[in-house]
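Reviewing the structure listed below.
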Amino acid sequence: MIASARARPRVAILTDETGWHTRKLREALAARGFEGRCADLADCRFDSRAPSGLVIPGFGRELPVAAIVRGIAGGSLEQITKRLGILHALRESAVPVYNDARAIERSVDKSMTSFLLARAGIDTPPAWALESVAQARRILMREASAGHCLVLKPMFGSQGRGLVRIGLVDGECVPLPDLAEFGHLAYLQRYVPPPGTGGYDWRVLVVGGRAVAAMQRHSDHWIRNVARGARSVAAPLTPALAQISEAAAGALGMDYAGVDLLPDTTAASGLQVMEVNGVAAWRALQRVAGVDIAAAIVDDLLARRLGIAPGASPRRDGVR
Ligand SMILES: Nc1ncnc2c1ncn2[C@@H]1O[C@H](COP(=O)(O)OP(=O)(O)O)[C@@H](O)[C@H]1O
Ligand SMILES: [Mg+2]
């Protein structure tokens, strides 16, 4: 007998934007006998009088069997704290959250990402996070005298927004800007120059501890985010790329991660991990990848977090 759509266990796709990614996840979930239902974390709420203490719109009095975090909208410190709090509360309520709030927190904070990568012995550019303007200037001068320029990044930035190169940039001395625009915090990362003309980044997607697809991002600009017009180009997933990306995702405790890397002939691995994205988009990567990425994410969620073997359907009395 075919179970009706209503009887299918429901997975929350937590997102502030419905579109291509949420459609792909819903299709992949449906193919495995689950219903993917979108909810915006901004609309989820704590309610100590609700049976679970939480209200997830679209789930009535119940909680989802699992949650996939696809997007968290920007907001005030209070709003973000509550949205991440909902993810923590789901975990406390035994709902697997993919990626877990702790992993998302580690990756949205670029200084924590740098700290964890360096501590795990993974090649990553030297980085500093500090509040003192005087100290930031001293680091800048020390780095400049060693021939390095630095990238000043908004600590919670994404899509290449707000990055500036400072120090010795193309032969010119660029001073530290007013840190007010950076929340009075200097997150500085040593700039990794391209090895030749026409530089590129790599983006590697890691799902369940395994690198599944890679691409290069080419641009004439030094900031090579697809959102900033970089071209995505298919790239082979070499063992070196796979190994360092898997290690980076592991160091941050990610279920799935988009790892950004740069080529660097001075690094032991020949690569530098620049950042790890815990709420990674994969549309550009899907165009050049050989695997169905949404299906890989759903299969991994079901296998590792819900104990449902590949190809198996959910049990009618629950999911395990
Ligand atoms: N240290 C660096 N050296 C060289 N290029 C960098 C460096 N940091 C960032 N970039 C460039 O800027 C882009 C965006 O930086 P990233 O740290 O990934 O921030 P975002 O979260 O905005 O994507 C990178 O993909 C890369 O092209
Ligand atoms: Mg990036």
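FYI, it's all coordinate maths here, none of it is from the lab. Keep in mind that what you see is a predicted model, and the values were worked out from it rather than measured. Cβ: placed from backbone, ideal geometry, glycine included. Neighbour counts: every protein chain shown.
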**Q.** the range 190-268 pair-distance distribution - Cα-Cα, 10 Å bins, rounded %
**A.** 20, 47, 31, 2
Q) Given the rule -39500 (n - 2.57) for each run of at least 4 DSSP H residues, summed and divided by the residues of the chain, what is its mean residue ellipticity at 222 nm, to the nearest 500 deg cm²/dmol? A) -8000 deg cm²/dmol
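Take His221, His148, His21 and order them by how many other Cβ atoms sit within 10 Å, fewest up front.
On the way: His221 11, His148 17, His21 22.
Fewest-to-most ranking of His221, His148, His21: His221, His148, His21.
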Q. Any number yet on Rg/Rh for the range 62-114, C-alpha, Kirkwood?
A. 0.98
Q: With all distinct Cα pairs included, what does the Kirkwood hydrodynamic radius of the range 86-223 come out to in Å, to one decimal, could you say?
A: 17.0 Å
Q) After finding the eigenvalues of the alpha carbon gyration tensor for the chain, what semi-axes result from the square roots of 5 times each, listed largest first in whole Å? A) 38, 23, 15
Q. What length, rounded to one decimal in nm, is gained on full extension from Arg287 through to Glu27, with 0.36 nm per residue of separation minus their alpha-carbon distance?
A. 91.9 nm
Q. Relative to the Cα centre, what is the charge dipole magnitude of the range 227-302, using +1 at the beta carbon of each Lys and Arg, -1 at the beta carbon of each Asp and Glu, and rounding to the nearest 20 debye?
A. 380 debye
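Please list, by residue number, every one of the trypsin sites (Lys or Arg not before Pro) in the range 122-220 that is coil in DSSP and has at most 14 other beta-carbon atoms within 10 Å.
Numbers: sites: Arg137, Arg138, Arg142, Arg161, Arg165, Arg190, Arg203, Arg210, Arg217; in loops: Arg161.
Of the trypsin sites (Lys or Arg not before Pro), the ones in loops of the range 122-220 whose Cβ has at most 14 other Cβ atoms within 10 Å are Arg161.
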Q: Return the long-range amide H neighbours of Ala213 (sequence gap of 5 or more, or a different chain), with a cut-off of under 5 Å between placed amide H atoms.
A: Leu205
Q) Stokes-Einstein D for the range 5-99 at 10 °C, 1.306 mPa s, Kirkwood Rh over Cα pairs, in µm²/s? A) 118 µm²/s
Q. If one takes the longest principal axis of the Cα atoms in the chain, at what angle in degrees, from 0 to 90 and to the nearest 10, does the Cα axis of helix 239-251 lie?
A. 70 degrees
Q) Once you charge only the Cβ atoms, +1 for Lys and Arg and -1 for Asp and Glu, what is the size of the charge dipole of the range 5-99 about its Cα centre, to the nearest 20 debye? A) 340 debye
Q | Residue among Lys153, Lys82, Lys110 with the largest mean-square fluctuation in a Gaussian network model of the chain, springs linking Cα atoms under 10 Å | A | Lys82
Q.
On C-alpha positions alone, give me the angle between the axis of helix 77-92 and the longest principal axis of the chain, in degrees, nearest 10.
A. 50 degrees
Q. What number comes out for the charge environment of Pro193, summing +1 per Lys or Arg and -1 per Asp or Glu over other residues with Cβ under 11 Å away?
A. 0
(Q) Please arrange Thr22, Thr197 by how many other C-beta atoms lie within 10 Å of their C-beta, fewest to most. (A) Thr197, Thr22
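Taking the range 127-190, how much of its Cα-Cα pair set, in percent, is spaced more than 18 angstrom apart?
Working: 523 of 2016 pairs.
Here the long-distance tail beyond 18 Å is 26 percent of all Cα pairs in the range 127-190.
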